[in-house]
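Read through the structure below, which is laid out as structure tokens, and then see the notes.
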Amino acid sequence: PDNATAHLNLGIGLDAIGNADEAKESFERALALDPADIYANYTLGRQLFARGLLAEAEPLLMRAIEGNPDFVDARVVLSGLLESRGRVDEAASELEKVLQIQPGYFGALCNYADVLVKLQRTTDAVSALRRALAMEPLNFNVNFKLGMLLVQQDKARDAEGYFQQAL
């Protein structure tokens with residue numbers, strides 16, 4: 001009963017089978033036993049974020065990152081949380097850190113492009129999407145988003161190929 005790792009693993013298993021409430025209890029027990037455990041902080045923070053409990057999730061994700069600054073998954077979740085709270089500049093900064101650590105993180109590149117659009121940094125968003133396409137050239141969403149951004153930049157001819165690829 002006093003093994004934080006066992007409670008963390010139980011919580012992960014419970015969460016995987018859709019028992020979110022019991023998973024939350026296991027994550028909380030793991031943190032009560034080991035408040036510095038980066039994975040317990042991350043998993044509970046991620047779960048609370050998914051439930052829309054942003055104020056409760058943020059400090060947990062921050063502790064996970066403080067424990068391991070290279071914890072890219074925690075940074076990605078934190079960026080989504082920051083974006084949800086209207087702190088789009090901070091969300092972009094977190095994603096930039098992720099991409100410095102792991103430049104080939106496809107999902108982070110896609111999220112980064114979306115955040116850049118919100119910041120009206122369209123040229124940078126186009127660049128991020130092109131980097132993502134280099135990894136997954138047949139990805140519908142990336143081709144479509146890139147085509148749409150190019151149309152908005154009055155580059156319809158350039159956009160046509162991306163729309164064709166999306167189709």
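Here is how the numbers come out for the structure above:
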item	result
Accessible area in square angstrom per residue, the chain, 1.4 angstrom probe	53
Trypsin sites (Lys or Arg not before Pro), loop per DSSP, at most 16 other Cβ atoms within 10 Å - longest free stretch of the chain	1-50
Residue 151 accessible area, assembled protein chains, probe 1.4 Å, Å²	60
Equivalent ellipsoid, the chain (semi-axes from 5 times Cα gyration tensor eigenvalues, Å)	36, 16, 13
Of 100, 1, 152, farthest towards positive along the dipole that unit charges on Lys, Arg, Asp, Glu beta carbons give the chain	152
Accessible area of residue 70 in the full protein assembly, 1.4 Å probe (Å², nearest 10)	100
Value at 222 nm in deg cm²/dmol, rounded to 500, when DSSP H runs of n ≥ 4 in the chain each add -39,500 (n - 2.57)	-25000 deg cm²/dmol
Over 13 Å [Cα-Cα, the range 10-62], rounded percent	51
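The values are calculated or read from the model by the stated rules, or taken from the named source; none is laboratory data. Since we're looking at a predicted model, the values are computed, not measured. So basically every Cβ, Gly included, is an ideal-geometry build from the backbone, and we count neighbours across all protein chains shown. To get the accessible areas, we keep the full protein, side chains included, count just its heavy atoms, and leave off ligands, DNA and RNA. Shrake-Rupley method; radii C 1.70, N 1.55, O 1.52, S 1.80 Å.
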